[in-house]
Amino acid sequence: MQTVRVGRVNEFEDPGRKVVAVGETEIGVFCLDGEFYAWVNDCPHQGGPVCQGRFFTKVLEVLGADQSSHGRTYEEGTLHIVCPWHGFEYDVRTGKHPGAPDIALTPVTVQVQDGEVHILVD
Amino acid sequence: MDVRITPAQPMPIQEIDVRTDTRDILAHSRKHSEKAGYADWLIVDIDAHHTETVSWGEVVKFIDDPVLRDQADTYHRDRVGAPPYGLNGDLGLRYQDVGGRIPHQSGIRETVDDTSVHRDVTLSRRAMDSFQLDYMVLFPTPMLFLGMHPQPYMEVVLCNAYNRWLTEEILPGDPKLKAMVVIPFNTPEEACKTVERFGKCPGVIGFTVTSTRYKPVHSNEYMRLYRMIEETGKPLGFHAGYHWQDPSLATCNSFLGMHSLGFVWANMVHMTNWVLNGIPERFPGLKTVWIESGIAWVPFLMQRLDEQYLMRQSEAPLLKRMPSEYMNTNCFYTSQPLEKGNMKAVECTFDMIKAETQLLFATDWPHFDFDSPRVIYDMPFLDEMQKRRILGLNAAELFGLEVKPHQRG
Ligand code: FES
């Protein structure tokens, strides 16, 4: 296991990310509300560069008390990274697909120490 | 204990957008290709696309009719913000990119410096390079709606203009690019002329009917066309499309629902008419390719038609075999978008359609539901030769494409 330095905390936008390569492995390190998360840049669908996709806020459907539909809205505070190949979305915090939680990104351990963001990689 | 801390290498592309180079978007596919050793495989993509409307101002210069050609030229010169001259279609209902989530579907605006060939050639080469393709069959995109054009004459005019542009400007740019020229199917005598005119052009390996249309494929007016195509020895493809104005699809309120059904529906109807009317018995040498409908619909239709046929044989007296037997001998299928949620069902589908000989790999690049060769390569129940056949050797046999000795496996 090697410790790899990704950058200083203040070099990250929030929300933001840095996608890095460690040998053959590509990893996306995400900053969201001051917390850090890291995922392997390899989409479980067809191996696409998921961490190089765009951010979108989770979408919800608005239902009335009688179950009637009133269109869609965003669930503020829940951010998705969307794989640019075919659009699979993943919660930046949990790495899970919002519609199929069994489909999930592979996690990488992140450590923040003295203002430095590190990841632990095999 | 001392922990050695190494710095990470930032990736050159942090966020993929509409200006990202195709080779960067598909870098993971390239990596997979190298690992899998595709250099020794024949990989043929039977269905990839370019967006011909980006070059529509050029395409209309190839219109034969001098009056329409002038009108089109003036239109493109003088109008601002107008859609492509003469084309019907879905105008702004282009939700394929899921609101910008899939940038390569939104637009391909990467830099192309090479002016020795058309931009579409360079873009196709970049995709071929990334997927390690030996051949790519190129189809148009918005023109897939032409079968619904209110003016059948415009279907004739625009098909022929596109075919001329394609065979004169695009295909000569790279021998790896091939085409199944689009035929103006709503006007059968003109469709015959298109076959005659373009059938022998270099790079033309077949003919395409854009499936979204309401003409029955068994109509007597098509018999001469089918005979002509049969005699060329080149396959006839039915390229699926959607049509949101179709009354039943108009009940779908999402692109997701409409597209899921639409891209299968037209081919299901045409296949039903094709088989039950005994077209494969009447033209046994005519091979058909059913393009971009995935393959999950085929076992459903096979079972449905077989079941009903046995009860009502007198309504399909030309058939000498079960409907399903025509569907897995005379008919070929492109693989994309390969439904693979249930591996047992996928295996059964491959078995029922005789994938080993009838299935042809396709990417559908650059569309949102494209497949990379990995979808076939990773299939757990296929042996290497079956994968090689589906990824390229079946197509080589069907279309007469060159296979180098080391690619035979
Ligand atoms: S590879 Fe990520 S969505 Fe398909």
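If you build the Cα gyration tensor of the range B:132-222 and take the root of 5 times each eigenvalue, what three semi-axes come out, in whole angstrom, biggest first? Mind dumping the intermediate values first?
Numbers: eigenvalues 111, 34, 30 Å².
Over the Cα atoms of the range B:132-222, the ellipsoid semi-axes are 24, 13, 12 Å.
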What is the distance, in nm, between label points placed 7 Å from the Cα along the Cα-to-Cβ direction at B:Glu281 and at B:Lys61?
-> 5.2
Skip the ligands, DNA and RNA, and give the accessible area per residue of chain A with a 1.4 Å probe, whole Å².
-> 49
Return the FRET efficiency for the residue pair B:Glu347, B:Asp70: r is the Cβ-Cβ distance, R0 is 60 Å, and the value is rounded to the nearest 0.05.
-> 0.60
Please find, in a Gaussian network model of chain B (springs between Cα atoms separated by less than 10 Å), the residue of B:Asn163, B:Asn342, B:Asn267 whose mean-square fluctuation is greatest.
-> B:Asn342
When Rg is the radius of gyration of the Cα atoms in the range B:1-135 and Rh is its Kirkwood radius, what does Rg/Rh come to?
-> 1.11
The Cα radius of gyration of the range B:201-272, divided by 2.2 N^0.38 Å with N its residue count, comes to 1.32
Ballpark to the nearest 100 Å², how much total accessible area do B and A bury together, probe 1.4 Å?
-> 2700
Förster radius 25 Å - calculated FRET efficiency between A:Asp33 and B:Ser254, Cβ distance, rounded to 0.05 = 0.20
Mind listing the Cα extents of the range A:1-60 along all three principal axes, in Å, largest one first?
-> 40, 32, 15
Dimensionless Rg/Rh of the range A:2-121, both radii on Cα and Rh by Kirkwood, sits at 1.04
Expressed in angstrom, Rg and Dmax over the Cα atoms of the protein assembly as shown are 24.9, 86
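On average, how many beta carbons from a partner chain sit within 10 Å of the beta carbon of a residue in A:17-29?
Details: counts 2, 4, 8, 6, 5, 4, 2, 2, 0, 6, 2, 2, 1.
What the average comes to for A:17-29 is 3.
Just the Kirkwood number for chain B, please: inverse of mean 1/r across all distinct Cα pairs, in Å, one decimal.
22.3
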What does the average come to when, for each residue of peptide A:45-53, you count the partner chain Cβ atoms lying within 10 Å of its Cβ?
-> 6
The range A:2-121 - percent relative contact order, Cα under 8 Å, separation 6 or more | 27
For A:110-119, mean number of other protein chain Cβ atoms within 10 Å | 1
Peptides B:360-366, B:292-298: what's the order by average Cβ count within 10 Å, highest mean first?
-> B:360-366, B:292-298
Among B:Lys31/B:Lys387; A:Lys96/B:Lys387; B:Lys35/B:Lys354; B:Lys320/B:Lys387; B:Lys178/B:Lys234, which pairs are too far apart, with a Cα-Cα distance over 23 Å?
-> A:Lys96/B:Lys387; B:Lys35/B:Lys354; B:Lys320/B:Lys387
Express the relative contact order of the range B:24-408 as a whole percentage, based on alpha carbon pairs under 8 Å and six or more residues apart in sequence.
-> 19
Summarise the accessible area of chain A (1.4 Å probe, protein heavy atoms) by the percent that is carbon and sulfur.
-> 46
Filtered hits (aspartates and glutamates, Cα-Cα < 18 Å from B:Lys176, offset >= 8 within chain) -> B:Asp40, B:Asp45, B:Asp47, B:Asp114, B:Asp120, B:Asp129, B:Asp134, B:Glu168, B:Asp364, B:Glu397, B:Glu402
Charges only on Cβ, +1 for Lys and Arg, -1 for Asp and Glu: so what's the dipole of the range B:72-228 about the Cα centre, in debye to the nearest 20?
-> 320
Taking every Cα atom in the range B:255-333, find the radius of gyration and the maximum pairwise distance Dmax, and write them in Å.
-> 12.8, 40
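The values are calculated or read from the model by the stated rules, or taken from the named source; none is laboratory data. Here the structure is a predicted model, which is why all the values come from computation and not from measurement. Methodologically, a virtual Cβ is constructed for each residue, glycine included, from the backbone with ideal geometry; neighbour enumeration extends over all protein chains shown. These area figures cover heavy atoms from the full protein model, side chains too; ligands, DNA and RNA do not enter into them. Shrake-Rupley method; radii C 1.70, N 1.55, O 1.52, S 1.80 Å.
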